[in-house]
Structures are given as C-alpha cells and as structure tokens.
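The values are calculated or read from the model by the stated rules, or taken from the named source; none is laboratory data. Quick caveat: nothing in here was measured; it's all calculated off a predicted structure. Here the Cβ is made from the backbone with ideal geometry for all residues, glycine too, and neighbour counts use every protein chain on show. Side chains are part of the model used for accessible areas, which takes the heavy atoms of the whole protein and leaves out ligands, DNA and RNA. Shrake-Rupley method; radii C 1.70, N 1.55, O 1.52, S 1.80 Å.
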Amino acid sequence: MAEYVYRPVIHTAMGLFRALRLRLDIRGEENVPAGGGAIVLINHVSYLDFALAGVPFWHARRRMVRFMAKKQVFDHRVSGPLMRGMHHIPVDRAAGAGSLIAAVRALREGELVGVFPEATISPSYCLAPFKSGAARIAAEAEVPVIPLVLWGSQRILTKGRPRDLRAAVGTPVSITVGKPVPYSELPDARTGTALLELRMGELLDDAQRRYPAPPPGESPWWLPAHLGGSAPEPPARPAG
C-alpha cells in the first residue's frame, strides 16, 4: 500500500526539480542494489535532502527509500499522514529503541532505510560528528551501508536562509552513491561509525572538488570556510 502514496510523491518531487531546472549530477548508480535490505547513509545540508537522496535509487532500480525522521514530522497534520503512508520510520529521541527495532525489521524485509547520521543540518556544511545508530543497525540486521553525499542543495533551501526559489533556478546539485560497506567491516559501533564517517568524508571531498565554482559576484555563503566560502567554521571536535 505504501507505493500508492510514495509514487505520487516521487513524481511531484521530480516535477519540482524539473520546474527549477536543477542540474542534477548523479554518479554511482551502479552501486544501487537490485534488491535486498541496505542502509542509505546521507549527509545533511538542506531541507530537500530527503527527496534528492531517493532520486538515484528510483532512477536506477525503481526502489524507494524508507527514511528515519524525527517524530515531530509524523505528528504534523500535513506531513504526518504522508510520512506514515510512505512507511517512513519515526524516531523518538526519548524512546529510541522502538525506531531501531522498526528499522531492523524493515531491513530484514529487504527495504532500503535512509539515515542522516548527523541528525540535523550542519551550518558549516561540513560533516558533523556521526551518531552510531547506522553502524549498530547494520550489524544487527546484517545488511550493508550505502554512503550517499549531496552537495549544492544547500543553495536551494536550507536552515537559517531566506526562501527564494527564483534564485534556485538552474542550481547544480551533486548526488553521489558510494560503494556499499559490508556489515562485516563494522565490528562495533565506535569502529564502524569512524569508518563510515571516513568514507562519507572522502565522497564529499570529491563532490566538492567536482562542483562548479560560484559565478563571479555571487556571495559564497554556501561554501565552507576551508573552500573559501563564508559558512561558519565547524565546532572543534573533542579530543580522543
């Protein structure tokens, strides 16, 4: 039944992307599995990341990603029925065990489960420290983790910036699907999370190098400081 809700939402999102004439650069579709459960691990830079992250899986294999999202989205009178109808997975941070059980069940049933390991949009647009849930869920369900990085979507709709869809027309957006990481390479939550963060960082660095330079005169607010932009520096990570 979820497909009857999910398919129209996908077509609506794709219509929006076409209307905005987004220049989608999708790479790594050969890494999308034809079947079987897997975690899709995604960096978070914009409010459109849920829709954009699902594009290569739908385009390559007509597969749908069930996203783990905060419970408040499911409680909303508009988004709630859609999220439940698409069989996404609510995350209640006060009682997280239930969402982990639901994710493991979906994975064992052959679903793709989308996880944002940073939990929120990083204002620096650099990777924030990862939560350990993805590594733990992958090991429990015995499924691989597919890293996916997005870049450029922060220029369209992101936290702390005014909404101006006219300015977003024609924006380049990079979507890169990395090689799956077998669950056997994630022996424990700490080691596994560090490995996943490393793989995601490598993919993101490559996507940033490939991304077109900002037009002359455009404010580089969406670029991290280490790339010459004016986004805030990420907070210092704790030692050890």
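Structure summary
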quantity: Euclidean distance between Cα centres, segment 190-213 to segment 41-69, Å; calculated: 17 Å
quantity: Pairwise FRET efficiency - Arg62 versus Ser184, Cβ, R0 = 25 Å, nearest 0.05; calculated: 0.30
quantity: Dipole axis of the chain (+1 Lys, Arg; -1 Asp, Glu on Cβ), positive-most option in Val181, His88, Ser99; calculated: His88
quantity: Surface accessible to a 1.4 Å probe, Arg161 within the full protein complex, Å²; calculated: 100 Å²
quantity: For peptides 172-179, 211-218, sequence by mean Cβ density within 10 Å, most packed first; calculated: 172-179, 211-218
quantity: About the Cα centre, charge dipole magnitude for segment 151-201 (Lys/Arg +1, Asp/Glu -1 at Cβ), debye; calculated: 360 debye
quantity: Accessible heavy-atom area order of Tyr47, Tyr4, Tyr183, highest first, probe of 1.4 Å; calculated: Tyr4, Tyr47, Tyr183
quantity: Estimated FRET transfer efficiency (Ser230, Glu202; beta-carbon r; R0 22 Å; 0.05); calculated: 0.35
quantity: CD proxy at 222 nm, helix term only [per DSSP H run n ≥ 4: -39500 (n - 2.57); per residue of the chain; nearest 500]; calculated: -11000 deg cm²/dmol
quantity: Förster radius 30 Å - calculated FRET efficiency between Thr191 and Ala19 (Cβ-Cβ, nearest 0.05); calculated: 0.10
quantity: Segment 128-240, relative contact order [Cα under 8 Å, separation at least 6], %; calculated: 29 percent
quantity: Test item: Cα-centred dipole of segment 74-232, Lys/Arg +1 and Asp/Glu -1 on Cβ, debye; calculated: 460 debye
quantity: Isotropic mean projected area of the C-alpha convex hull, segment 122-230 (nm²); calculated: 7.7 nm²
quantity: Virtual spin-label span in nm between Glu30 and Ile101, 7 Å along Cα→Cβ; calculated: 4.2 nm
quantity: Estimated vicinal HN-Hα couplings, Hz - segment 26-38 in sequence order (Karplus 6.51, -1.76, 1.60; Gly, Pro = x); calculated: 9, 10, x, 4, 5, 8, 7, x, 5, x, x, x, 6
quantity: Positive minus negative residues near Gly178 (Lys, Arg vs Asp, Glu; Cβ under 9 Å); calculated: +1
quantity: Electrostatic dipole magnitude of segment 44-156 [Cβ: Lys, Arg +1; Asp, Glu -1; Cα centre; debye, to 20]; calculated: 220 debye
quantity: Beta bridges per DSSP with both ends in the chain, % antiparallel, nearest 5; calculated: 20 percent
quantity: Surface accessible to a 1.4 Å probe, per residue, for the residues of the chain, Å²; calculated: 51 Å²
quantity: Segment 45-127: relative contact order in percent, alpha carbon pairs under 8 Å with at least 6 residues between; calculated: 33 percent
quantity: Eligible lysines near Lys159 by straight Cα distance, threshold 23 Å, same-chain separation 8 or greater; calculated: Lys70, Lys71, Lys131
quantity: Cα pair distances of segment 1-142 binned at 5 Å [whole percent]; calculated: 2, 9, 18, 23, 23, 17, 7, 2, 0
